[in-house]
Amino acid sequence: TWDIISRAFPDDDYCSRIIVTTEIKDVALACSRYQFKYMYEMSPLNGDQSRQVFLGGVFGSENGCPPDFKEVTYEIIQKCGGLPLAIESIASMLASELNADQWKRIRDSLPSISSLRTSPSSEGLKEILNIIYNNLSPYLKTCLLYLIMYPEGNTISKEELVKQWVAEDFISEGLDREKTARGYFDELVSRGLIQPVDRNYNDEVLTCTIHHMVLDLIWYKSLEENFIINVSCFQTTPGLPDKVR
């Protein structure tokens, strides 16, 4: 694929540069013409950086951690293996669970650090996202699964999504269902499951996108729970159950 794309670029000495980001080493090698000097492999966050991201996400600052949470916090950070997505997602989930016993339960359910560092797209990271998904309330699970309707890399309008959730009758709480749906959207953003793209002057998220690892998770969950099956002409059609949306 890269051989085809690269033919569109001029081969001259104007010192232009194209930066390609990928998690697949073979793709990086192909894009750099198999010259390792043109490859830059990102390292995981170190201990201080991981602690700053995690504590900032949960307590607002590094100094906000209560003494009785320090040990379990250190152990959770260690298990995240320095991966930003894992750290931010776990921190967002635990920010609403300020209970030491609950934190220990989450710590014990996390995969080992070695399985995470082997590959950023390994089963370990999928396990972390699965834990976060399983800790969502039913209404948030439903709203999150609906995002399988959007292709990878698509920018999604908050207002469009809110109206679709209401039209699908996913929102049953509150007198103002659109206001409730906006609250659900903001909660999914705060939990790190959808990523902000555009904000207004009040710092309100207007559009979002979905990390491909989260999209993989909700695709699998949607299929597993017979919620929505998104069939594309560019992929192998899965075995369809008797009833699908």
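None of the figures in this text is laboratory data; all of them are computed from the coordinates on show. Worth saying up front: this structure is predicted, and the values here are computed from it rather than measured. As a convention, Cβ positions derive from the backbone with ideal geometry for all residues, glycine included, and neighbour counts pool all protein chains shown.
How big is the dipole moment of segment 138-224 about its Cα centre under a simple scheme where the beta carbon of each Lys and Arg is +1, that of each Asp and Glu is -1, and everything else is neutral? Debye, nearest 20, please. Let's see the in-between values first.
Numbers: 9 positive and 15 negative charges, 21 e Å.
So the dipole magnitude of segment 138-224 works out to roughly 100 debye.
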Problem set entry | Full-stretch length increase - GLN78, ASN63 - with 0.36 nm per residue and alpha-carbon distance subtracted | 3.5 nm
Problem set entry | In sequence order, calculated HN-Hα J values of segment 188-198 (Karplus, 6.51, -1.76, 1.60; Hz; x Gly/Pro) | 5, 5, 5, 7, x, 8, 10, 9, x, 10, 10
Exercise. Residue separation times 0.36 nm, minus the C-alpha to C-alpha distance between VAL27 and GLU224: what's the value?
Worked result: 67.9 nm
Exercise. For segment 99-106, in order, what is each residue's ³J(HN,Hα) by Karplus, 6.51 cos²θ - 1.76 cosθ + 1.60 with θ = phi - 60°, in whole Hz (x at glycine and Pro)?
Worked result: 9, 4, 5, 5, 4, 5, 5, 5
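Counting other Cβ atoms within 10 Å, which chymotrypsin sites (Phe, Trp or Tyr not before Pro) in segment 194-229 have at most 15 and lie in a DSSP loop?
Numbers: sites: TYR201, TRP219, TYR220, PHE227; in loops: TYR201, PHE227.
Those satisfying the criteria are TYR201.
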Seminar exercise, completed: Listed by chain and number, the residues whose amide H is under 5 Å from that of LEU206, excluding neighbours fewer than 5 places away on the same chain and using placed H, are VAL197, ASP198, ARG199, ASN200
Exercise. In this model, which of LYS141/LYS221; LYS141/LYS163; LYS70/LYS104; LYS37/LYS126; LYS25/LYS79 are farther than 21 Å apart at the alpha-carbon?
Worked result: LYS37/LYS126; LYS25/LYS79
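Just to confirm a number: summing +1 for Lys and Arg and -1 for Asp and Glu over residues other than LEU94 whose beta-carbon lies under 15 angstrom from that of LEU94, what do you get?
On the way: positive: ARG51, LYS70, LYS79, LYS104, ARG105, ARG107, ARG191; negative: ASP68, GLU71, GLU75, GLU88, GLU97, ASP101, ASP108, GLU187.
Net local charge, LEU94 excluded: -1.
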Seminar exercise, completed: GLU71 and MET149 label points (each 7 Å along its Cα→Cβ direction) are spaced in nm at 4.9 nm
